[in-house]
Amino acid sequence: MNKTWWKEAVVYQVYWRSFYDTNGDGYGDLEGVIEKLDYIKELGVDVIWLNPCYESPDFDNGYDISDYTSIMDKAGNMETWERLLHEVHQRGMRLIMDLVVNHTSNQHPWFIESRSSKSNPKRDWYIWKDPKDGKEPNNWRSYFTPSVWEFDESTGQYYMHSFAVEQPDLNWENEEVRQEIYKMMRFWLDKGIDGFRLDVINLLAKLEGFPSVENPNNINYLGNNPGIHEYLQEMNREVLQHYDIMTVGEIPFVTPEDGLLYVGEDRNELHTLFHFEVADDMPTWDMKRFKEIQTHWYEGLKGKGTNSQFLNNHDHTRQVTRYGNDQEYRIESAKLLATMIHTLPGIPYIYQGEEIGMTGVRFQSIDDYNDIAMKNKYKEEVGKGRDPEEVFESLLLLSRDNSRTPIQWDDTEQAGFTSGTPWIKVNPNYKEINVKQALQDPSSVFYYYQKLISLRKENPVMTYGDYKDLSLGEENVYVYTRTYESETWVVILNHADVETDYSLPENLDTQSVELIIANYSDVTGEDHLQNTTLRPHEARIYKLN
Ligand code: TEU
Ligand code: CA
């Protein structure tokens, strides 16, 4: 596989509204991102992925866009954005933006025109269907509501929305829509951005004929439908291939075999992808399942396409809470999960705050929460007569707000995030967990991330090395090698709250080993990899000589 900058990158995701507020309105803003760029740079990352900051009524925190080429007031303005891009480039980093083109806001002028009459020239820019037997055209569920269909009284038709009612799906069958989107993409690329994270990009093509389905609750029929690759190959021909950029597709419901169709180097579609086998299949940690998924994806893409590695983002709760131990082993566990994500095959993503071991949150009432997905689900379930307290409890672990609480900069009021009232409450543990403390502590999670990232710069084995799992049968221990040319690294992880004895398989030549990094400070490198006792959440990387 040829070498390119994006394959060697570490990406830092900035959910700007929770990052840093500079004008006291309680929302993070682009000025705040500019002010904290040196902090991001100190970590050593190469690319910043900025969540949507385009004009939006904000029902879905910017994923309901009403003007693709202007900046929403909460975030700032185009001048601020231009300065942000310049300051990112000044520091030798790159900026990729979120591309949300499966749907717009219902307040986008295109949709306002489209819904105004059945004969409007933009009617076919969205997906309108007549009622069927006086009801919804089919039985499809949406991500955020019981049906993808919303009835529009004024024209007597339903429109389709794969997410909230406020997010009508664009009709990608319409050539005018596609050309308008390509024009908008060039607008941002010509400003100098370095690529896109493409929001649920595999949903653009809908199931031919919109037939009702056997099991509407398994919503994978919304994605990977015939026609999707033609759209992406056209997008590549018309736009993407003309720029030196990185493109990462958010592609739920996909298997490695299908994933390769999106990111295969011979496919001329996208560079890499986020798949969700882990997030969707593993509400909590399942080591065996995780290993299967890693091997499955490694074999599926090997030598032909590039995976992306993440365990949390603005939609998925914080990894140390969901997949680690955020109580007695929070530091060790945060470092173990980082070791894993940064040494598995694929581009590693850091979600803001992960680098200081921020945790999920438990607020006391549904009114403390903001996430439209959670609030819609709560309304739907309580509407079925279920006990509100029980519904609330059932939604807490996976609520997207777990990862959307403000970055904890220090131990002052509101964690130093805002001088005003934050749009969502700060996690009460900010007094112990904050950036200021992390930067003052040489053994903090922050400096461990910094070390992992610098190792990636110095060692191609982390980016290009072959992967082999040596621990498939093990319950708690995850051990794998990365081999590149004559160099072999072995990663040893004990993902458990208890000690676990471990011995490296005989066939590994272990005359001598060189310790690369460990998350327990007393590991010397003189260890014998036969009959080792690994402590709770212990992580080590050795170079085999
Ligand atoms: O997320 C889409 C989404 O919700 C799924 O990818 C889900 O996260 C995945 O299947 C795992 O459960 C994107 C954005 O990231 C999200 O913030 C938006 O709400 C959504 O699209 C609509 O734009
Ligand atoms: Ca602000």
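Exactly one residue out of Asp199, Asp190, Asp194 is loosely packed, with under 14 Cβ neighbours inside 10 Å and either closer than 28 Å to Glu87 by Cβ or more than 16 Å from ligand 1 (Cβ to nearest atom) (or both), and it is Asp190. Answer yes or no: is there a residue in region 403-424 that is within 16 Å of ligand 1 (Cβ to nearest atom) and part of a helix (DSSP H, G or I). Yes, because at least one residue in region 403-424 is within 16 Å of ligand 1 (Cβ to nearest atom) and part of a helix (DSSP H, G or I). Can Met78 be described as under 27 Å from Gln179 (Cβ atoms) and modelled with pLDDT of 95 or more? So Met78 passes the test.
Given the condition touching a strand residue (DSSP E or B) at 6+ places or on another chain (Cβ under 7 Å), more than 16 Å from ligand 1 (Cβ to nearest atom), at pLDDT 95 or above and hydroxyl-bearing (Ser, Thr, Tyr), answer yes or no: does some residue in region 333-341 qualify? Within region 333-341 (the criterion being touching a strand residue (DSSP E or B) at 6+ places or on another chain (Cβ under 7 Å), more than 16 Å from ligand 1 (Cβ to nearest atom), at pLDDT 95 or above and hydroxyl-bearing (Ser, Thr, Tyr)), the answer is yes, since at least one residue qualifies.
For region 221-260, filtering for residues that are modelled with pLDDT under 95 and either in a helix (DSSP H, G or I) or of a type in the set (Phe, Trp, Tyr) (or both) leaves 1. Considering region 159-173, and only residues there that are outside any loop (DSSP other than H, G, I, E, B) and of a type in the set (A, V, I, L, M, F, W, C), the residue that is farthest from ligand 2 (Cβ to nearest atom) turns out to be Met160. The strands (runs of 3 or more DSSP E) falling completely within region 265-381 that include 2 or more residues that are touching a His at 6+ places or on another chain (Cβ under 9 Å) map to 306-309, 347-351.
Of the residues examined, Ser119 is not one that is polar (S, T, N, Q), more than 16 Å from ligand 2 (Cβ to nearest atom) and assigned to a strand (DSSP E or B). Residues of region 28-59 that are on the phi > 0 side of the Ramachandran plot and more than 16 Å from ligand 1 (Cβ to nearest atom): Gly44 alone.
Of the residues Glu153, Glu166, the single one that is crowded, with 19+ Cβ neighbours inside 10 Å, modelled with pLDDT of 95 or more and farther than 24 Å from Val254 by Cα is Glu166. In summary, Val426 fulfils each of the numbered conditions (1) within 30 Å of Asp21 (Cα to Cα); (2) within 24 Å of the chain's Cα centre (by Cα); (3) in contact (Cβ under 8 Å) with a residue 24 or more places away in the chain with the single exception of condition (3).
The single condition from (1) under 21 Å from Val278 (Cα atoms); (2) buried (at least 19 other Cβ atoms within 10 Å of the Cβ); (3) of a type in the set (S, T, N, Q) that Gln408 fails is (1). Within region 126-147, being under 21 Å from Gly62 (Cβ atoms), in contact with a Ser or Thr (Cβ under 7 Å, 6 or more places away or on another chain) and outside any strand (DSSP E or B) holds for Ser142, Tyr143. The single condition among (1) surrounded by 22 or more Cβ atoms within 10 Å (Cβ to Cβ); (2) farther than 23 Å from Gly26 by Cα; (3) not basic (Lys, Arg) that Ile65 does not satisfy is (2). Of the residues examined, Glu250 is one that is among the acidic types (Asp, Glu), in contact with a Phe, Trp or Tyr (Cβ under 6 Å, 6 or more places away or on another chain) and either over 20 Å from Lys135 (Cα atoms) or not assigned by TED's automatic domain parsing to the domain that holds Pro121 (or both).
When region 256-283 is filtered for residues that are of a type in the set (Val, Ile, Thr) and away from ligand 1 (no atom under 14 Å from the Cβ), the ones remaining, listed by number, are Val263, Thr272. Counting only strands (runs of 3 or more DSSP E) wholly contained in region 428-508, the ones carrying 3 or more residues that are closer than 13 Å to Thr343 by Cβ and not assigned by TED's automatic domain parsing to the domain that holds Gln408 occupy 466-469, 477-484, 487-494.
Residues being within 16 Å of ligand 1 (Cβ to nearest atom) and either buried (at least 16 other Cβ atoms within 10 Å of the Cβ) or among the aromatic types (Phe, Trp, Tyr) (or both): count how many of those fall in region 241-255. Number satisfying all stated conditions: 8. Taken over region 62-72, the residue count meeting the criterion of being in contact (Cβ under 8 Å) with a residue 60 or more places away in the chain and closer than 16 Å to Asn102 by Cβ is 3. Within region 247-291, restricting attention to residues that are in contact (Cβ under 8 Å) with a residue 40 or more places away in the chain and of a type in the set (D, E, K, R), which residue is nearest to ligand 2 (Cβ to nearest atom)? Among them, the one singled out is Glu250.
Please verify whether region 231-240 includes one or more residues that are away from ligand 1 (no atom under 16 Å from the Cβ), surrounded by fewer than 14 Cβ atoms within 10 Å (Cβ to Cβ) and touching a residue at least 24 places away in the same chain (Cβ under 8 Å). Scanning region 231-240, I find at least one residue that is away from ligand 1 (no atom under 16 Å from the Cβ), surrounded by fewer than 14 Cβ atoms within 10 Å (Cβ to Cβ) and touching a residue at least 24 places away in the same chain (Cβ under 8 Å), so the answer is yes. Scanning region 284-316 for residues that are more than 15 Å from ligand 1 (Cβ to nearest atom), surrounded by fewer than 19 Cβ atoms within 10 Å (Cβ to Cβ) and among the β-branched types (Val, Ile, Thr) returns a single hit, Thr295. Within region 2-27, the residues that satisfy the criterion of being more than 16 Å from ligand 1 (Cβ to nearest atom) and touching an Asp or Glu at 6+ places or on another chain (Cβ under 7 Å) are Ala9, Val10, Tyr20, Asp21, Thr22, Asn23, Tyr27.
Considering the conditions (1) among the hydrophobic types (A, V, I, L, M, F, W, C); (2) on the phi < 0 side of the Ramachandran plot; (3) in contact (Cβ under 8 Å) with a residue 12 or more places away in the chain, Val382 is excluded by exactly one of them, (3). Selection of region 516-539 for residues being in contact with a Phe, Trp or Tyr (Cβ under 8 Å, 6 or more places away or on another chain) and of a type in the set (D, E, K, R) yields Arg535, Glu538.
The values are calculated or read from the model by the stated rules, or taken from the named source; none is laboratory data. Quick caveat, the model's predicted, so the values are computed rather than measured. Every residue, glycine among them, receives a Cβ derived from its backbone with ideal geometry; neighbour counts consider all protein chains shown.
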